[in-house]
Amino acid sequence: MSERETLETARGLLRDELTAALLPELRRLGFEGPSRIDGRTNVCEFSRRVGDVRHVLTLQLEKRGLPRFV
């Protein structure tokens, strides 16, 4: 398997795991946003309203698929 194929597989596995583990928890906490974290975008935004306040959580995937928290 080439380095590129390995990286693409790792990115896909990361997106699948985030979709399976993180999204249900965000939904439980009242956030709305995409139903899947997929490869078409590097940024996913989730939000919820609490009274007069809007909470926004932005998940950004680094171009090369590495996890990074900003």
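The values are calculated or read from the model by the stated rules, or taken from the named source; none is laboratory data. Keep in mind it's a predicted model, so treat the numbers as computed, not measured. Virtual Cβ from ideal backbone geometry, glycine too; neighbours counted across all protein chains shown. When the accessible area is computed, the model is the full protein with side chains, heavy atoms only, and any ligands, DNA or RNA have been set aside. Shrake-Rupley method; radii C 1.70, N 1.55, O 1.52, S 1.80 Å.
The figures follow:
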{"item": "The range 53-69 - residue that is modelled with pLDDT of 75 or more and more than 15 Å from Gly12 (Cα to Cα) and, of those, most open to solvent (accessible area, probe 1.4 Å)", "result": "Arg54"}
{"item": "Scan of the range 14-54 for residues that are of a type in the set (Phe, Trp, Tyr) and in a strand (DSSP E or B), ordered by number", "result": "Phe46"}
{"item": "Long-range neighbours under 8 Å by Cβ, at least six apart or interchain, first residue over 14 Å from Leu22 (Cα atoms) and at pLDDT below 95 within the range 41-52, second part of a strand (DSSP E or B) and not hydroxyl-bearing (Ser, Thr, Tyr)", "result": "Asn42/Gln60; Val43/Leu59; Val43/Gln60"}
{"item": "Residue in the range 12-40 that is modelled with the lowest pLDDT, counting only those that are within 15 Å of Leu61 (Cβ to Cβ) and open to solvent by 90 Å² or more (accessible area, probe 1.4 Å)", "result": "Arg40"}
{"item": "Filter result for Thr9 (β-branched (Val, Ile, Thr), modelled with pLDDT under 85, farther than 15 Å from Leu57 by Cα and outside any helix (DSSP H, G or I))", "result": "no"}
